[in-house]
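A quick write-up on the structure given underneath.
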Amino acid sequence: MKMFSDLPIDILDRILTFLPDFKTLSAVLRTSKHHFYQVFQVHPKSIVLSIAYGIVGPSLPYAIKAQLIADGPSPIRRAGTDTDDNVWSRSVAVFVEDRDLKDCVFTRSMAQCISEQAAAHWELEDLFSHRHKDRTSSKSVLTPPESFRFQRAMWHFAAFTCLCDLDIDDQEEYEKGLVKLMTTLSTEELLEINVVKPFLERPQAVLQSYKDLDVTEAYDWVDHGGLPFSDAFDAIWLKRKLSEEKVKEKSEKAILDSVNGDKDPCAKCNQVFGMKLWGPGNRELLQGHQPSNVVTRCLPGNLSRNLVEPPLILQKLRDQTFEINRFIEELIDLDCDTGYNWDKNEWYCDECIQELYKQRLRLWWIGQKTKDGHQFGDDCWYGYNCRTQTHKFAHAQRLNHLCEPTRGDPA
Ligand SMILES: [Zn+2]
Ligand SMILES: [Zn+2]
């Protein structure tokens, strides 16, 4: 009988290149010290590169550049033995160098870092696809070229953000360095980052889903104005003679060649909203998209400024167990006639979703309080139109304002 150990070295080498990740590689090397370990020692780099390629995909060269920058200047800079100028020049050198993958410095620890970050990038691609390519699918449906452009933008972005670690106090100098680095990229590559940037600057949605990944800290940081990205972009567009309109027009096609359902209308108002529609496939994303006070602002009359009810509703909406999808379904399922036949399988625009809140939030809240065994006070005569509820806490607390007004001209 043929033994595993009789397999030719080429086959063993090939098996190693197909391993799914570096954890598996370590496990295999540990358990097969004689065979696999020896094979690995012959071609460590090509095996590591193949596994990394399987994880990262065709954007791997950009991932390696980002990692070289992350590993390179920062520690030296931190030790205070280098000048800012050298740090930027070296980063620029890494960016412009067009080396073949097989000639790159590529260690197992670099590969490990890259694959961890790649996992986050793939998840972000899912989110990007869900928000910009196809609102009905929570998994990426980007075509291979679209996916490549998205991933390349993410690695470029990662390279920029890892330079944020640098202890550079002078903002002006930092911006100059960033422009220098960004200038090495083609207009197409820069436009890709331009598309990804606002997506990352809306971190609620990103953080909501990916809060446990370390990369989010960087994205959050960008949101807080840490990177002078906009100024750097402006400087480069000016140099490349690209007007604001041109940048906007070209950015639309920078990553995506097409958008699924971009001509779909809102089921209620019939206007075309495409990707800006919310329905059964993407409603959970509203949680990051729509601040919860938008919901309470839809309460009728002066109820949105009542001193007691909106804070209680907000508390509920911001609770960890709150699910916006279920909330909207509950609004739609309410047994009441509010003049329009809402359908939970339909897609609605932002404005129509707010119309749903306007029509039904008050009734839903009464139902929630009743379910919780709340003892309602006497109805205020002026109901939700009462003005006193907005400035007298005792009045707002004592009387019920969730009712219809029974008298006009609120006091
Ligand atoms: Zn609408
Ligand atoms: Zn009142």
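The values are calculated or read from the model by the stated rules, or taken from the named source; none is laboratory data. A quick note: this is a predicted structure, and the numbers were derived from the prediction, not measured. Cβ atoms come from the backbone with ideal geometry, glycine included; neighbour counts cover every protein chain shown.
Out of all the residues in segment 372-384, is one or more farther than 30 Å from residue 274 by Cα, more than 16 Å from ligand 1 (Cβ to nearest atom) and assigned to a helix (DSSP H, G or I)?
There is at least one residue in segment 372-384 that is farther than 30 Å from residue 274 by Cα, more than 16 Å from ligand 1 (Cβ to nearest atom) and assigned to a helix (DSSP H, G or I).
With respect to residue 335, is the statement that it is more than 16 Å from ligand 2 (Cβ to nearest atom) and touching a residue at least 40 places away in the same chain (Cβ under 8 Å) true?
no
Which of the helices (runs of 4 or more DSSP H) contained wholly in segment 209-297 include at least 3 residues that are modelled with pLDDT under 95 and not assigned by TED's automatic domain parsing to the domain that holds residue 361?
So the answer is 215-223, 229-239, 244-252.
List pairs: first in segment 32-51 and closer than 16 Å to residue 108 by Cα and without any contact (Cβ under 8 Å) to a residue 60 or more places away in the chain, second hydroxyl-bearing (Ser, Thr, Tyr) and assigned to a helix (DSSP H, G or I), Cβ under 6 Å, 6+ apart or cross-chain?
47/17; 50/17
Within the bounds of segment 336-352, is there any residue that is part of a helix (DSSP H, G or I), under 17 Å from residue 402 (Cβ atoms) and within 15 Å of ligand 1 (Cβ to nearest atom)?
No, segment 336-352 contains no residue that is part of a helix (DSSP H, G or I), under 17 Å from residue 402 (Cβ atoms) and within 15 Å of ligand 1 (Cβ to nearest atom).
Pairs needed: first member in segment 376-393, touching a residue at least 60 places away in the same chain (Cβ under 8 Å); second member anywhere, part of a loop (DSSP other than H, G, I, E, B) and within 8 Å of ligand 2 (Cβ to nearest atom); C-beta distance under 6 Å; at least 6 residues apart or different chains.
384/401; 385/410; 386/380; 386/401; 386/410; 387/410; 389/401
Which ones in segment 253-297 are among the polar types (S, T, N, Q) and within 30 Å of residue 152 (Cβ to Cβ)?
Of everything in segment 253-297, those that are among the polar types (S, T, N, Q) and within 30 Å of residue 152 (Cβ to Cβ) turn out to be 258, 260, 282, 287.
Residues of segment 371-405 being touching an Asp or Glu at 6+ places or on another chain (Cβ under 7 Å) and farther than 16 Å from residue 312 by Cβ, which ones?
383, 403
Just to be sure before I move on: is residue 301 touching a helix residue (DSSP H, G or I) at 6+ places or on another chain (Cβ under 6 Å), in a loop (DSSP other than H, G, I, E, B) and assigned by TED's automatic domain parsing to the domain that holds residue 393 in the structure I sent?
yes
Within segment 271-316, count every residue that is aliphatic (A, V, I, L, M), crowded, with 16+ Cβ neighbours inside 10 Å and touching a strand residue (DSSP E or B) at 6+ places or on another chain (Cβ under 7 Å).
Summing the residues that are aliphatic (A, V, I, L, M), crowded, with 16+ Cβ neighbours inside 10 Å and touching a strand residue (DSSP E or B) at 6+ places or on another chain (Cβ under 7 Å) in segment 271-316 gives 2.
I'd like to verify a number: residues in segment 363-391 that are within 15 Å of ligand 2 (Cβ to nearest atom) and among the charged types (D, E, K, R), how many?
Selection size over segment 363-391: 3.
Would you check which residues across segment 264-297 are small (Gly, Ala, Ser) and under 18 Å from residue 332 (Cβ atoms) and list them?
267, 279, 281 - these are the residues of segment 264-297 that are small (Gly, Ala, Ser) and under 18 Å from residue 332 (Cβ atoms).
Does residue 356 count as without any contact (Cβ under 8 Å) to a residue 60 or more places away in the chain, surrounded by 18 or more Cβ atoms within 10 Å (Cβ to Cβ), assigned to a helix (DSSP H, G or I) and touching a helix residue (DSSP H, G or I) at 6+ places or on another chain (Cβ under 6 Å)?
Details: without any contact (Cβ under 8 Å) to a residue 60 or more places away in the chain: yes; surrounded by 18 or more Cβ atoms within 10 Å (Cβ to Cβ): yes; assigned to a helix (DSSP H, G or I): yes; touching a helix residue (DSSP H, G or I) at 6+ places or on another chain (Cβ under 6 Å): yes.
So residue 356 fits the description; yes.
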